[in-house]
Amino acid sequence: MTKNRCNGVAVLRRGPESSPTSHGLTGDEALREQPVEGVHKPSADSVSANEALMEFLYRAPIGLLQISALGAIEMINPMSARLLMPLSPDGSLFNLFDVLEATAPQFRRMVQEYREPSGSVCEAVRLKVPPSSKANLPPQVLSVSLLKLDENHLMAMVSDVTLESQREQSLLDKKLGEAARLDKLTMMPNRTSICEFIERGMQRQDRDQCHHFSVLFINCDRFKQINDSLGHSAGDEVLAEVASRLMRTMRLRDSHNGQYENGLMAGRLGGDEFVVVIGEPQSESDIFLVAERLLRALSEPYRVADQQLHLSVSIGIVHSTTSSAQPDAMLQDASIAMVEAKRRGGARSVTFEPSMHERAAGRAQMENDLRRAIVNQELFVVYQPVVMLGPTVDQWSFPRHAAAVEALVRWRHPVRGVVPPAEFIGVAEECGLIGALGEFVLDTACRQFVAWKAQLGRLAPRLLAVNLSRAQLSDQEFVAFVSRTLRDSGMDPAELQLEVTESLAAQDESVQATLRQLKASGLSLALDDFGTGYSSLSSLHQLPVATVKIDRSFVSQAVQSAHHRVLIEATVRVAASLNMNTVAEGVESEAQASVVRSLGCEKGQGYFFSKPLLPESLVDWLKSNDS
Ligand code: C2E
Ligand code: CA
Ligand code: CA
């Protein structure tokens, strides 16, 4: 091996017989190099250290070059020539920077800008070799390192890292692929994986009629409230905890793998929606028991942001035997059942039945109609008087002025006529329209109330009661809205009473905080439908209410049932001891009015006194009852 010099290019060549062309080493020449073995084998004794080094560089499976500071190639081994040739625009290898100009122009600049007297200019810079038809198998990715030897010389190392880079790429692809099928927050399978899993279950069922599976669609009840009151990062913590409880309860460990033994999978669809797929043939009652287990596990208290939270979930169950034949449609069925579970109060599981489709469609229609109703002003408010019950039997027939009026919303549907609130309040709550609806009622009623005061003087109602929904109380802006409405209408806050149900008032810390804020703004609160919720007389003192409204279900039994009379009387006493007054709701007869009055109820409301009335009719009612 010698170091030949030709046109300023030193080429590491094997044996004195090979001479470089007058144009330097051409690509063809370099590629024509023979394997080293057996062609030139100098005896061990005759090989000088220098020769051995040359031999080593010649054989090196890596491209080695010496270049000048301007890139002129001074020495090059065959591997370099082979690797670099596909990059050379004219098939010659005189100057490394020229060779690399098209693919990696930065090398020239890097060398110019490298100020140290010696050292590593760059290490393992990757460059892609453009595909060439010239060479049979051009390397696709090269790695180039430059080492500055002194002011005028650099060493370059070039290697083919195609395989390595392919391996890296496929690893990256795999990771990306996995990431695309994984939910980032919980590291559970995401919608894509869940659908694929269901799809496989469906294919298996097609092949094997005995194979059934079930999908459980899990949605947190009132999750928005957590996000709204504690912030999204607390919400995320809760979701992560829900995910790990799901995995634990289902005894699933490997959340990264979409495939599980026994055909079991748990994943997150997004938001607060999770899915469990149970693929082993099990009976419907087994699946129901699994759902019960999940309901229990997920309703244990959560500790987030230094607070203890209570959360429940609603579960929709669908069995592959009764569901649609597409994964998306099956999930849709499961979600319809979940919505039904929510509608029945949440914290429960409901199994999908095909008839639910029609009901869901009906509700969707109702939702659409309701949106339009708000825009088209099809909603209106009626007012039901609340009267004072006199101290003696014949006095219950008054003072006949209305102690209060309760505002009740109505919907004049263009086709169905007047729709009662029971049919649309729930829909409005579910689809987020309750805010707009509630604002409409409060605003309308406050203005009406102020107008009556101006119009009727002493005959005007003294208090306005307006019903509140859960969603309104979790809305951060609600307190400000109430204050604004009172101010704009010119109403005294003390004249407004907001009615909440027991279950709502007793609910959680954030609702209670809103209630306290409302109370602090000068209005009062009433506990609606008392007796139908979960809280009892013993917890009445914890609620910031001024009035307790005894539910119609008690009042309607008061005449014939001693048991109900006892309950009413106890309520009246406890309320009185807490400085709260009581209203008997749904009084329909003289006998009922008489009984509730004798039990100590101060006020009564019901068809016996008056049905809810339009504003004009209420004025007539007030005038005709003026004693
Ligand atoms: P509620 O707050 O308990 O209202 C009393 C309901 O009982 C009213 O039904 C009223 O018409 C009815 N009622 C009154 N006296 C009698 C009676 O002697 N016998 C019978 N059978 N019923 C009587 P309505 O107006 O259909 O309202 C039903 C529920 O809808 C209300 O129950 C309330 O929870 C809700 N609601 C009504 N308006 C609104 C509103 O503006 N916002 C909200 N969030 N909920 C409302
Ligand atoms: Ca009410
Ligand atoms: Ca009520």
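The values are calculated or read from the model by the stated rules, or taken from the named source; none is laboratory data. Everything numeric here is computed off the predicted structure, so don't read it as measured data. Note that each Cβ is placed from the backbone with ideal geometry, even for glycine, and that neighbours are counted across all protein chains shown.
Yes/no matrix, rows are residues, columns are (1) assigned by TED's automatic domain parsing to the domain that holds LEU433; (2) closer than 26 Å to ASP221 by Cβ; (3) not aliphatic (A, V, I, L, M):
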residue	(1), (2), (3)
LYS453	yes, no, yes
VAL479	yes, yes, no
LEU523	yes, no, no
LYS549	yes, yes, yes
- [ ] Just need a number here: residues in region 525-561 that are without any contact (Cβ under 8 Å) to a residue 60 or more places away in the chain and part of a strand (DSSP E or B).
- [x] 8
- [ ] Filter region 415-449 down to residues that are part of a loop (DSSP other than H, G, I, E, B) and of a type outside the set (Lys, Arg) and give me whichever is surrounded by the most Cβ atoms within 10 Å (Cβ to Cβ).
- [x] PHE424
Task: region 392-416 - residue that is modelled with pLDDT under 70 and not charged (D, E, K, R) and, of those, nearest to ligand 1 (Cβ to nearest atom) - done: TRP396
Open item on the list: What's the total number of residues in region 526-540 that are more than 15 Å from ligand 3 (Cβ to nearest atom) and more than 34 Å from the chain's Cα centre (by Cα)?
Closed with: 5
Open item on the list: If TRP452 meets every condition in (1) modelled with pLDDT of 95 or more; (2) in contact with a Ser or Thr (Cβ under 8 Å, 6 or more places away or on another chain); (3) not charged (D, E, K, R) apart from one, which number is that one?
Closed with: (2)
Open item on the list: If I filter region 210-223 for residues that are among the aliphatic types (A, V, I, L, M), in a loop (DSSP other than H, G, I, E, B) and in the same structural domain as PRO327 (by TED's automatic domain parsing), do I get at least one hit?
Closed with: no
Open item on the list: Please return the ranges of helices (runs of 4 or more DSSP H) entirely within region 87-192 where 1 or more residues are touching a Leu at 6+ places or on another chain (Cβ under 9 Å), in contact (Cβ under 8 Å) with a residue 40 or more places away in the chain and surrounded by 11 or more Cβ atoms within 10 Å (Cβ to Cβ).
Closed with: 96-100, 106-113
- [ ] Sort through LEU504, LEU540, LEU498, LEU515 and tell me the only one that's of a type in the set (A, V, I, L, M, F, W, C), within 12 Å of ligand 1 (Cβ to nearest atom) and closer than 28 Å to PRO301 by Cα.
- [x] LEU504
Open item on the list: Being free of Cβ contacts under 8 Å to residues at least 24 places away in the same chain and either loosely packed, with under 14 Cβ neighbours inside 10 Å or part of a loop (DSSP other than H, G, I, E, B) (or both) is the requirement here; does GLN308 meet it?
Closed with: yes
- [ ] Please find, among THR514, THR485, the residue that is in contact with a Cys (Cβ under 8 Å, 6 or more places away or on another chain), more than 16 Å from ligand 3 (Cβ to nearest atom) and more than 22 Å from GLY586 (Cβ to Cβ).
- [x] THR485
Task: From the options LEU523, LEU504, residue that is in contact with a Lys or Arg (Cβ under 7 Å, 6 or more places away or on another chain) and either within 16 Å of ligand 2 (Cβ to nearest atom) or basic (Lys, Arg) (or both) - done: LEU504
Open item on the list: From the list LEU523, LEU498, LEU543, exactly one residue is touching a strand residue (DSSP E or B) at 6+ places or on another chain (Cβ under 7 Å), on the phi < 0 side of the Ramachandran plot, more than 15 Å from ligand 3 (Cβ to nearest atom) and modelled with pLDDT of 95 or more. Which is it?
Closed with: LEU523
- [ ] Give the residue, chosen from GLU429, GLU495, that is assigned by TED's automatic domain parsing to the domain that holds VAL382, within 16 Å of ligand 2 (Cβ to nearest atom), in contact with a Lys or Arg (Cβ under 8 Å, 6 or more places away or on another chain) and under 18 Å from LEU408 (Cα atoms).
- [x] GLU429
Open item on the list: So the check is Cβ under 6 Å with 6+ separation or different chains; which pairs have a first residue in region 323-337 that's of a type in the set (Val, Ile, Thr) and a second one that's in a helix (DSSP H, G or I)?
Closed with: ILE336/MET356; ILE336/ALA360
Task: Criterion violated by PRO461 - all others in (1) closer than 30 Å to ALA360 by Cβ; (2) within 16 Å of ligand 2 (Cβ to nearest atom) satisfied - done: (1)
TODO: Report yes if some residue within region 250-261 is in a helix (DSSP H, G or I) and modelled with pLDDT of 90 or more; otherwise report no.
DONE: no
TODO: Could you check, for region 361-372, whether at least one of its residues is more than 37 Å from the chain's Cα centre (by Cα) and surrounded by fewer than 16 Cβ atoms within 10 Å (Cβ to Cβ)?
DONE: no
Task: The one condition in (1) surrounded by fewer than 18 Cβ atoms within 10 Å (Cβ to Cβ); (2) under 17 Å from the mean Cα position of the chain (by Cα); (3) within 30 Å of GLY345 (Cα to Cα) that CYS220 fails to fulfil - done: (1)
TODO: Quickly run through region 374-387 and pick out the residues that are in a helix (DSSP H, G or I) and out of contact with any helix residue (DSSP H, G or I) (no Cβ under 9 Å at 6 or more places or on another chain).
DONE: VAL375
TODO: Return the only residue of ALA591, ALA575 being part of a helix (DSSP H, G or I) and under 21 Å from ASN467 (Cα atoms).
DONE: ALA575
